[in-house]
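Q: I have a structure here, written as structure tokens, and I will follow up with some questions on it.
The values are calculated or read from the model by the stated rules, or taken from the named source; none is laboratory data. These figures come from a predicted structure and were not determined experimentally. Cβ placement follows ideal geometry from the backbone for every residue including glycine, while neighbour counts extend to all protein chains displayed.
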Number of protein chains: 2
Amino acid sequence: MLRIITQQTEAQQELQRISARTHDDAIVHKEATVNEIVQTVRRQGDKALLHYTAEFDGQALTVDRLRVSGAELDAAYQQVSKELLKAIELAAQNIEAFHRQRMPKSWVTFGEDDVVLGKRYNPVDRAGIYVPGGRACYPSTVLMNAIPAKVAGVPQIAMVTPPGADKNLNPAVLVAAQVAGIEEIYRVGGAQSIAALAYGTDTIAKVDVITGPGNIYVTLAKKLVYGTVGIDSLAGPSEVLIIADRNANPQHVAVDLLAQAEHDPMAAAILITTDMGLATAVQAAVEQQLVNHPRRTLTEKSIAHYGLIAVVDTLEQAAELSNRFAPEHLEIKTDDPWALIDRIRHAGAIFLGDSTPEAVGDYLAGPNHTLPTSGAARYASALGVETFMKHSSLIQYSPAALGKVGNAIQALTQAEGLFSHGESVRLRLNDAATDRLRQRDE
Amino acid sequence: MLRIITQQTEAQQELQRISARTHDDAIVHKEATVNEIVQTVRRQGDKALLHYTAEFDGQALTVDRLRVSGAELDAAYQQVSKELLKAIELAAQNIEAFHRQRMPKSWVTFGEDDVVLGKRYNPVDRAGIYVPGGRACYPSTVLMNAIPAKVAGVPQIAMVTPPGADKNLNPAVLVAAQVAGIEEIYRVGGAQSIAALAYGTDTIAKVDVITGPGNIYVTLAKKLVYGTVGIDSLAGPSEVLIIADRNANPQHVAVDLLAQAEHDPMAAAILITTDMGLATAVQAAVEQQLVNHPRRTLTEKSIAHYGLIAVVDTLEQAAELSNRFAPEHLEIKTDDPWALIDRIRHAGAIFLGDSTPEAVGDYLAGPNHTLPTSGAARYASALGVETFMKHSSLIQYSPAALGKVGNAIQALTQAEGLFSHGESVRLRLNDAATDRLRQRDE
């Protein structure tokens, strides 16, 4: 049963408990395991990959089968329905179009005394993408990670995903990869695949940045190798927070809460409403929709532990509770959803109005579905082309410009006690003065 | 003595060794210490801060002295020369002007069927800035971290820096903080201060993002709390790589190498040149300039262990070697430095021409001096306003737009086995169809 809370302080405490659900002390014990896996792959390379794939995925591979063959890629198209292929292509199109908007562009400015300043953007040389596998099948994850990398102009993209039964990969995942333009795919997953991407093995070349969601082992491995490579974020379990007023449709609110809860027993589904009538109607609709839910047990668990309805007095209070939670997904189901936007400071993605269930953004509206979780929206954003790009600052001074700031730099270098920093300016200014004298004498 | 290497493979190996100088196994032992410090501060708050400040900084503080008082801030102005104050103000002006350029702006697009997509940028609520202290004095670090946060619009910025002798903080640092608009300053440093910023104590409120360079303990603490808060990067020892041809001034090249080496025995100073004559002239100039260097021993150490001159055949080879190293600072001292820019893919900041010693950018040109080190320029950029901002994706679909993508979403949700995701669309389309029928019947 989805609990209803009417007391503000209690609601705040509950939201805090739910937000902290991933900071579990159980993680500590897994860190040692993940560290051992990562170090072993770093030392032993492919041999360790095969060992861990046998141990964790129950699949006995050989080195030459790590990479998915061209024949297997071709065959995947035969195993996917025409409808699914069309849907993947539509999603890919929309995702590409959205990510092409407002891309970082190199620029320079020209100032006084011929000072040139600017930024020059470049993609990374090589990216690695993690896609969950085994029994799961997430073609959408492939698109959401691969397309921004492609749009950023990354010349090499490698994808890793754990093998399912019979060592096979899911055909929809393989098709999505090809639609996104990726053909370098390895059937390896878990912390071992992250280590392979970060340090390289004989078969899998080292990458510069690793993105994509995974279980706690994958996430811990990404944190461990961060610094050796770039990473997108540390993904936790998914969450939705819905702000709704009395005119919201309780069946629609309920199904959107369940669409979050069905992901994972750790997923969080939260409704904040100004209307007790809606609260009880949603509570009842959730119960009713759960009856025939194919993942009923899992979904009920998540609703029981991390589900919540908070009833508040005003939409402003709802927005402030939402900001404290900083949800991955925020749905605004009010009469005028845009009126509330200015009050929302922290949210990964915002879905406005009744006709925008989160599923639209999960799959094909265009914006990325890889979003900050567990309150990370306080400081982080969706995955994007920026994840696969970086810039170099550009600085050019002229002798005249250097002359004007010489004293200031000297004052600062003296304060910081950095002798040669000061000398690097003084020598140049001296040489320029000598040149001027020489020219005058000639 | 700065070594000269003419053999390409050897140069590559040496650059790789230098790049990996921070991936020291000694770090592993420090991780346990840092973890204990962080967990203790998380549990005990201020009490632990006082304990560690006594232990590591040798200063016995009380809780009420953790925060720097207004009187102390005022007094700092009296202890700073007029020249230094003017220099700090000039630097602040230039840094602000540069960081105001091309700031992320919110946007929306309006598509077919009233689909609205966009991004909405917001600053973080509260930022924490680490500034090294003790014997060191880095007003430039204050400006380079605080100003981007201010420009981003962060309403609360807290600065931490370890106390020196007599519990005092450096007056130049306090003045720089005030010029940048920061008045919330705590005399606490090390891993303990990072933990305080990440988890909060009674005195220091929790922040959303932590930036600023520190020693290995600070860096390891930042990595540990990453995920609970955002961080800028994991800073390693500083490095410069200079590409120069035969017309470069050997004294200028030498002093720029020393300006890097004098930072730290782990700092790296590398010259890649197409001219053996320049190589030997720079080698001699470095020796000569070291004779009266106030930090001679430290600087000689860094030159001996992590200094290098590589002589190559072409500037293209130099650029490729540089890309493999992905230097924090790259100086191009060639006849036409801009001609080489297209070949540079990875560098934190690029300084073009003889009149642009790195010191110009370190202090006051405007671009940020907090840059990716140890090869991180392959995937990371300078600190900037983006470090203190994040965005929410915006998505609004209309009933008509949802109707058109309904089948595609159903195909994808079925492939991924997510029942309620599909239902969230199906229910809405059914309801819309029922509405249409009802309207027709009325």
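Q: Here are B:A401, B:A432: which of them is surrounded by fewer than 21 Cβ atoms within 10 Å (Cβ to Cβ) and touching a residue at least 60 places away in the same chain (Cβ under 8 Å)?
A: Working: B:A432 fails: touching a residue at least 60 places away in the same chain (Cβ under 8 Å).
None of the others qualify; the one that does is B:A401.
Q: Filter region B:288-320 for residues that are aliphatic (A, V, I, L, M) and surrounded by fewer than 16 Cβ atoms within 10 Å (Cβ to Cβ); which is farthest from the other protein chains (Cβ to nearest Cβ)? Write out each step before concluding.
A: First, the residues of region B:288-320 that are aliphatic (A, V, I, L, M): B:290-291, B:298, B:303-304, B:308-312, B:315, B:318-319.
Now narrow it down to the ones that are surrounded by fewer than 16 Cβ atoms within 10 Å (Cβ to Cβ): B:291, B:304.
Numbers: B:V291: 12, B:A304: 16 Å.
Filtering first and then ranking leaves B:A304.
Q: Which number in (1) on the phi < 0 side of the Ramachandran plot; (2) buried (at least 24 other Cβ atoms within 10 Å of the Cβ); (3) at pLDDT 95 or above marks the one condition that B:A235 misses?
A: The failed condition is (3).
Q: Give me the helices (runs of 4 or more DSSP H) completely within region B:21-119, filtered to those with at least 1 residues that are small (G, A, S) and either closer than 30 Å to B:F325 by Cα or at pLDDT below 95 (or both), ordered by residue number. Let's see the steps before the verdict.
A: Working: elements: B:26-44, B:46-57, B:70-78, B:82-99.
Helices (runs of 4 or more DSSP H) meeting the threshold: B:26-44, B:82-99.
Q: Still on this structure, please answer the following. Any residue at all in region B:205-218 that is of a type in the set (A, V, I, L, M, F, W, C), surrounded by fewer than 24 Cβ atoms within 10 Å (Cβ to Cβ) and in a loop (DSSP other than H, G, I, E, B)?
A: Initially, region B:205-218 is screened for residues of a type in the set (A, V, I, L, M, F, W, C), giving B:205, B:207, B:209-210, B:216, B:218.
Of the ones still in play, those that are also surrounded by fewer than 24 Cβ atoms within 10 Å (Cβ to Cβ) are B:205, B:216.
Still in the running and in a loop (DSSP other than H, G, I, E, B): B:205.
Yes; the residues of region B:205-218 include at least one that is of a type in the set (A, V, I, L, M, F, W, C), surrounded by fewer than 24 Cβ atoms within 10 Å (Cβ to Cβ) and in a loop (DSSP other than H, G, I, E, B).
Q: For region A:243-262, which positions are in contact with a strand residue (DSSP E or B) (Cβ under 8 Å, 6 or more places away or on another chain) and within 7 Å of another protein chain (Cβ to nearest Cβ)?
A: A:H252, A:D256, A:L258, A:A259
Q: Looking only at region B:409-429, count how many residues are within 7 Å of another protein chain (Cβ to nearest Cβ) and either in contact with a Ser or Thr (Cβ under 9 Å, 6 or more places away or on another chain) or in contact (Cβ under 8 Å) with a residue 12 or more places away in the chain (or both).
A: Counting residues in region B:409-429 that are within 7 Å of another protein chain (Cβ to nearest Cβ) and either in contact with a Ser or Thr (Cβ under 9 Å, 6 or more places away or on another chain) or in contact (Cβ under 8 Å) with a residue 12 or more places away in the chain (or both) gives 13.
Q: Might you let me know whether region A:183-191 holds any residue that is under 21 Å from the mean Cα position of the chain (by Cα), assigned to a loop (DSSP other than H, G, I, E, B), buried (at least 21 other Cβ atoms within 10 Å of the Cβ) and not assigned by TED's automatic domain parsing to the domain that holds A:P357?
A: Yes, some residue in region A:183-191 is under 21 Å from the mean Cα position of the chain (by Cα), assigned to a loop (DSSP other than H, G, I, E, B), buried (at least 21 other Cβ atoms within 10 Å of the Cβ) and not assigned by TED's automatic domain parsing to the domain that holds A:P357.
Q: Follow-up. Return yes when B:I129 is part of a helix (DSSP H, G or I) and either surrounded by fewer than 22 Cβ atoms within 10 Å (Cβ to Cβ) or modelled with pLDDT of 95 or more (or both) and no when it is not. Step through it out loud before you land on a result.
A: Details: part of a helix (DSSP H, G or I): no; either surrounded by fewer than 22 Cβ atoms within 10 Å (Cβ to Cβ) or modelled with pLDDT of 95 or more (or both): yes.
No, not satisfied.
Q: Would you say B:R135 is part of a loop (DSSP other than H, G, I, E, B) and either within 18 Å of B:D232 (Cα to Cα) or in contact with a Phe, Trp or Tyr (Cβ under 7 Å, 6 or more places away or on another chain) (or both)?
A: Working: part of a loop (DSSP other than H, G, I, E, B): yes; either within 18 Å of B:D232 (Cα to Cα) or in contact with a Phe, Trp or Tyr (Cβ under 7 Å, 6 or more places away or on another chain) (or both): no.
Criteria not met by B:R135.
Q: Then there's this: (1) facing chain A (nearest Cβ under 7 Å); (2) part of a helix (DSSP H, G or I); (3) in contact (Cβ under 8 Å) with a residue 12 or more places away in the chain; (4) under 41 Å from the mean Cα position of the chain (by Cα): which one isn't true of B:T387, the others all being true?
A: With respect to (1) facing chain A (nearest Cβ under 7 Å); (2) part of a helix (DSSP H, G or I); (3) in contact (Cβ under 8 Å) with a residue 12 or more places away in the chain; (4) under 41 Å from the mean Cα position of the chain (by Cα), B:T387 is out only on (1).
Q: To continue, here is another question. For region A:192-202, give me the residue count where each residue is buried (at least 17 other Cβ atoms within 10 Å of the Cβ) and either within 12 Å of A:A48 (Cβ to Cβ) or touching a His at 6+ places or on another chain (Cβ under 6 Å) (or both).
A: Applying the first criterion (buried (at least 17 other Cβ atoms within 10 Å of the Cβ)) to region A:192-202 yields A:192-199, A:201.
Remaining after also requiring either within 12 Å of A:A48 (Cβ to Cβ) or touching a His at 6+ places or on another chain (Cβ under 6 Å) (or both): A:192-193, A:195-196, A:199, A:201.
So the count comes out to 6.
Q: Continuing with this model, one more query. Just to check your reading of the model, which residue among A:S374, A:S381 is among the hydroxyl-bearing types (S, T, Y) and at the interface with chain B (Cβ under 7 Å from one of its Cβ atoms)? Quick ask: steps written out before the conclusion?
A: Details: A:S374 fails: at the interface with chain B (Cβ under 7 Å from one of its Cβ atoms).
Just a single option satisfies the conditions, and that option is A:S381.
Q: A further question follows. Is there a residue being under 21 Å from B:G417 (Cα atoms), within 11 Å of chain B (Cβ to nearest Cβ) and modelled with pLDDT of 95 or more anywhere in region A:321-340? Steps first, answer last, please.
A: Start the filter on region A:321-340 by keeping residues that are under 21 Å from B:G417 (Cα atoms), which leaves A:329.
Narrowing further to those that are within 11 Å of chain B (Cβ to nearest Cβ): A:329.
With modelled with pLDDT of 95 or more added as a condition, the list becomes A:329.
Within region A:321-340 (the criterion being under 21 Å from B:G417 (Cα atoms), within 11 Å of chain B (Cβ to nearest Cβ) and modelled with pLDDT of 95 or more), the answer is yes, since at least one residue qualifies.
Q: So, one more: Here are A:H252, A:H263: which of them is over 22 Å from the mean Cα position of the chain (by Cα) and assigned by TED's automatic domain parsing to the domain that holds A:E320? Can you show your working first?
A: Numbers: A:H263 fails: over 22 Å from the mean Cα position of the chain (by Cα).
Answer to the selection: A:H252.
Q: Are any residues in region A:345-365 within 19 Å of B:G230 (Cβ to Cβ) and either more than 8 Å from every other protein chain (Cβ to nearest Cβ) or surrounded by fewer than 24 Cβ atoms within 10 Å (Cβ to Cβ) (or both), and if so, which ones?
A: So the first thing to find is which residues in region A:345-365 are within 19 Å of B:G230 (Cβ to Cβ), and the list is A:345-349.
If the condition is that a residue be within 19 Å of B:G230 (Cβ to Cβ) and either more than 8 Å from every other protein chain (Cβ to nearest Cβ) or surrounded by fewer than 24 Cβ atoms within 10 Å (Cβ to Cβ) (or both), then A:R345 is the only one that fits.
Q: If only one of A:N170, A:N122 is at pLDDT below 95 and within 12 Å of chain B (Cβ to nearest Cβ), which one is it? Steps first, please.
A: Working: A:N122 fails: at pLDDT below 95.
None of the others qualify; the one that does is A:N170.
Q: Now a separate question. If you take the residues of region A:327-362 that are of a type in the set (V, I, T) and in a strand (DSSP E or B), which of them is nearest to the chain's Cα centre (by Cα)?
A: Going through region A:327-362, the residues of a type in the set (V, I, T) turn out to be A:332, A:334, A:341, A:344, A:350, A:356, A:360.
Add one more test, that the residue is in a strand (DSSP E or B), and what stays is A:332, A:350.
Details: A:I332: 22, A:I350: 16 Å.
The qualifying residue nearest to the chain's Cα centre (by Cα) is A:I350.
Q: State all residues of region A:219-247 that are without any contact (Cβ under 8 Å) to a residue 12 or more places away in the chain and either part of a strand (DSSP E or B) or touching a Pro at 6+ places or on another chain (Cβ under 7 Å) (or both); if no residue qualifies, say none.
A: Residues of region A:219-247 without any contact (Cβ under 8 Å) to a residue 12 or more places away in the chain: A:223, A:226-227.
Selection gives A:Y226 alone.
Q: Name the pairs whose Cβ atoms lie under 7 Å apart, with the first residue in region B:133-160 and among the hydroxyl-bearing types (S, T, Y), the second part of a loop (DSSP other than H, G, I, E, B), and 6 or more positions between them or separate chains?
A: That search, which allows pairs on different chains as well, returns B:Y138/B:V131; B:Y138/B:P132; B:S140/B:H369; B:T141/B:V131; B:T141/B:P132; B:T141/B:G212; B:T141/B:P213.
Q: A:I194: over 30 Å from A:S322 (Cβ atoms) and either assigned to a loop (DSSP other than H, G, I, E, B) or within 14 Å of chain B (Cβ to nearest Cβ) (or both), yes or no? Steps first, answer last, please.
A: Details: over 30 Å from A:S322 (Cβ atoms): yes; either assigned to a loop (DSSP other than H, G, I, E, B) or within 14 Å of chain B (Cβ to nearest Cβ) (or both): no.
For A:I194, the condition - over 30 Å from A:S322 (Cβ atoms) and either assigned to a loop (DSSP other than H, G, I, E, B) or within 14 Å of chain B (Cβ to nearest Cβ) (or both) - is not met.
Q: Pairs, please: C-beta under 8 Å, at least 6 apart or cross-chain, first residue outside any helix (DSSP H, G or I) and in region A:272-296, second of a type in the set (D, E)?
A: Here the result reads A:T273/A:D245; A:T274/A:D245; A:T274/A:D313; A:D275/A:D245; A:H293/A:E262; A:R295/A:E262, each pair linking region A:272-296 to a residue that is of a type in the set (D, E).
Q: Something else: If B:D64 satisfies all but one of (1) within 23 Å of the chain's Cα centre (by Cα); (2) under 21 Å from B:A205 (Cα atoms), what's the number of the condition it fails?
A: Going through the list (1) within 23 Å of the chain's Cα centre (by Cα); (2) under 21 Å from B:A205 (Cα atoms), B:D64 breaks only (1).
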